[in-house]
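Just below is one structure, and these are the notes that go with it.
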């Protein structure tokens with residue numbers, strides 16, 4: 001167990017100092033994106049934000065009433081927030097609530113601004129910015145709200161890629177938007193969401209796993225290093241080098257992709273001569289430790 005250094009802040013103090021600024025910046029980026037790219041292109045970003053925009057545009061078209069984004073977005077997030085508090089983690093949900101409120105308020109305060117009217121550029125760059133903002137939140141220990149709560153809950157229960165769940169919900173929203181407002185905006189919104197999801201997959205790797213095959217002469221030390229960093233176990237396999245016909249051990253372990261750099265660094269420190277092969281894990285069955293959000 002690591003000793004606390006003199007003057008070092010405790011995690012309870014350090015986390016708000018890092019998470020709150022990141023969440024605030026992410027909320028501002030997402031709100032600016034809504035009032036520039038998304039607003040100009042008339043697109044639907046998916047999730048609860050997309051559903052909020054769909055409801056606002058429906059009321060404006062049908063009744064001539066312009067609903068505040070804050071009211072609609074916060075109201076639609078009520079159920080997902082409850083799921084977050086009950087099943088995911090209180091701190092995680094509180095920071096997510098901050099993100100939801102700030103994003104909604106910023107979206108109502110920031111005026112509409114046209115950067116470009118090229119709908120393809122809007123779909124691509126707007127999606128990339130949207131994915132970047134959500135990725136910032138998730139890596140800081142929060143979420144943009146809405147379907148993210150539901151998808152994380154189901155991912156922890158069933159161990160599946162959470163973004164596939166988001167994609168299904170977004171497809172439902174786009175079908176409604178296409179029927180009501182025209183299929184061109186809905187189809188461009190698919191490009192928007194594809195760009196967003198691609199950036200998310202690059203930035204956020206918690207629910208993806210990677211497999212390590214480590215050839216080493218120090219299997220016990222390597223296993224200890226893996227567990228200390230990732231809290232994941234390992235299996236030691238006996239082997240023989242084909243060239244020198246000398247005894248070798250192979251350590252096999254599956255870890256979170258987000259931890260791979262820290263784990264490989266710890267392994268090379270435990271055994272500088274270790275040969276490490278990292279393979280992306282497509283599917284995983286059985287018990288796999290997933291730490292809960294705090």
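Of everything in region 1-45 that's within 24 Å of the chain's Cα centre (by Cα) and modelled with pLDDT under 80, which residue is surrounded by the most Cβ atoms within 10 Å (Cβ to Cβ)?
Only one residue tops the list, namely 15.
Could you tell me whether region 258-275 includes any residue that is surrounded by fewer than 17 Cβ atoms within 10 Å (Cβ to Cβ), part of a strand (DSSP E or B) and modelled with pLDDT under 95?
Yes, region 258-275 has at least one match.
With 238, 273 as the choices, which residue is without any contact (Cβ under 8 Å) to a residue 24 or more places away in the chain, over 22 Å from the mean Cα position of the chain (by Cα) and within 18 Å of residue 216 (Cβ to Cβ)?
Answer to the selection: 238.
A quick yes/no check of all residues on (1) in a helix (DSSP H, G or I); (2) crowded, with 19+ Cβ neighbours inside 10 Å; (3) modelled with pLDDT under 95; (4) on the phi < 0 side of the Ramachandran plot:
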{"site": "188", "(1), (2), (3), (4)": "yes, yes, yes, yes"}
{"site": "205", "(1), (2), (3), (4)": "no, no, yes, yes"}
{"site": "211", "(1), (2), (3), (4)": "no, no, yes, yes"}
{"site": "232", "(1), (2), (3), (4)": "no, no, yes, yes"}
{"site": "245", "(1), (2), (3), (4)": "no, no, yes, no"}
{"site": "249", "(1), (2), (3), (4)": "no, no, yes, yes"}
{"site": "255", "(1), (2), (3), (4)": "no, yes, yes, yes"}
{"site": "279", "(1), (2), (3), (4)": "no, no, yes, yes"}
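For residues that are part of a helix (DSSP H, G or I) and within 14 Å of residue 271 (Cβ to Cβ), tally how many sit in region 213-227.
8
Please name all residue pairs, on different chains or six or more residues apart, with Cβ atoms under 7 Å, provided the first residue is in region 181-200 and is free of Cβ contacts under 8 Å to residues at least 60 places away in the same chain and the second residue is surrounded by 15 or more Cβ atoms within 10 Å (Cβ to Cβ).
190/174
The values are calculated or read from the model by the stated rules, or taken from the named source; none is laboratory data. Note that the structure is a prediction, hence the values are computed from the model and not measured. In this analysis, Cβ positions are derived from the backbone assuming ideal geometry, glycine residues included, and neighbour counts consider all displayed protein chains.
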